[in-house]
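Taken together, the values in this text are just the output of simple stated rules run on the coordinates, not laboratory data. All values derive from a computational prediction rather than experimental measurement. No Cβ is skipped: glycine too gets one built from the backbone with ideal geometry, and neighbour counts run over all protein chains shown.
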Amino acid sequence: MNKKPNKAKQFLREAYATDDEAAQLAFYQKWAEDYDAQMMEGLDYLSPEKIAQVLTNHFTEKDGLVLDIGCGTGLTASALVNLGYTNIDGLDYSAEMVEVAQQKAIYRELYVADLNQPLEFESHTYAAIVSSGTFTHGHVGAEPLDELVRILKPGGFLACTVHQDLWKKSGFEAKFSALESANQLKEVERAMGRYFKDGEREGWFCVFQRI
């Protein structure tokens, strides 16, 4: 039987227990340097590569400007770079995680910002927005979706994972439905999938297009 190291299990327990801003920042400060090893080697984290691949099903403009929200240490951007994308910005709440991402030299620009606050970007800035693991266990609710739609170019794509426990409880289903009813977004792909190689299907892999 292939059991994950205790350190990786401790890491995941702490990650899922961070239910307020102070706890989240403390978690990422503690784990920033070790984050990639725990997620990729310790836990076989699939989401970054999977959401990057899902985005490529619809967004083929390899030099189009992409915003990686909740970018962390850059796992999703690394997957996009491996697929040939060359123009990526990143945004995360944790300065420590952004510092690690900066060392990889894969981003055009990196920003430390809170998704629960208005974003300091011009409307219609990005050709695509991507996120893996941001909308999970209450870290960020559905409220930022209005801002993400605002900064997305018409015809652009939003690709993100949303944990199944939050889809209805945290208002994602209702918010996406409202944005579709307002002719701001249309769903182009949504499928349930695994976030970790050995785990159950935990959440949605979604792509919406800006109208």
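So if I place +1 on the C-beta of Lys and Arg and -1 on the C-beta of Asp and Glu, and nothing else carries charge, what would the dipole magnitude of the chain be about its Cα centre? I want it in debye, nearest 20.
Charge dipole, the chain, about its Cα centre: 700 debye, nearest 20.
Given axes a ≥ b ≥ c from the Cα gyration tensor, I'd like to know whether the range 136-211 is rounded (a/c under 1.5), prolate (a/b larger than b/c) or oblate. Each step should come with its number before you reach the end.
Values: a/c = 2.15, a/b = 1.63, b/c = 1.32.
Judged from the Cα gyration tensor, the range 136-211 comes out prolate (a/c at least 1.5, a/b above b/c).
Can you order the peptides 94-100, 156-162 by their average number of other Cβ atoms within 10 Å per residue, highest first?
Top to bottom by mean Cβ count within 10 Å: 156-162, 94-100.
With +1 on each Lys and Arg Cβ and -1 on each Asp and Glu Cβ, how big is the dipole of the range 120-211 about its Cα centre, in debye rounded to the nearest 20?
Working: 11 positive and 13 negative charges, 43 e Å.
With only Lys, Arg, Asp and Glu charged at Cβ, the dipole is about 200 debye.
Points 7 angstrom from Cα along the Cβ direction at Ile211 and Glu173: gap in nanometres?
The two pseudo-label positions are separated by 2.1 nm.
Can you pull the Kirkwood radius for the range 46-210, inverse mean 1/r over Cα pairs, to one decimal in Å? Don't skip to the end; give the middle numbers.
Details: mean 1/r = 0.0643 Å⁻¹.
Value: 15.6 Å, from the Cα pair sum.
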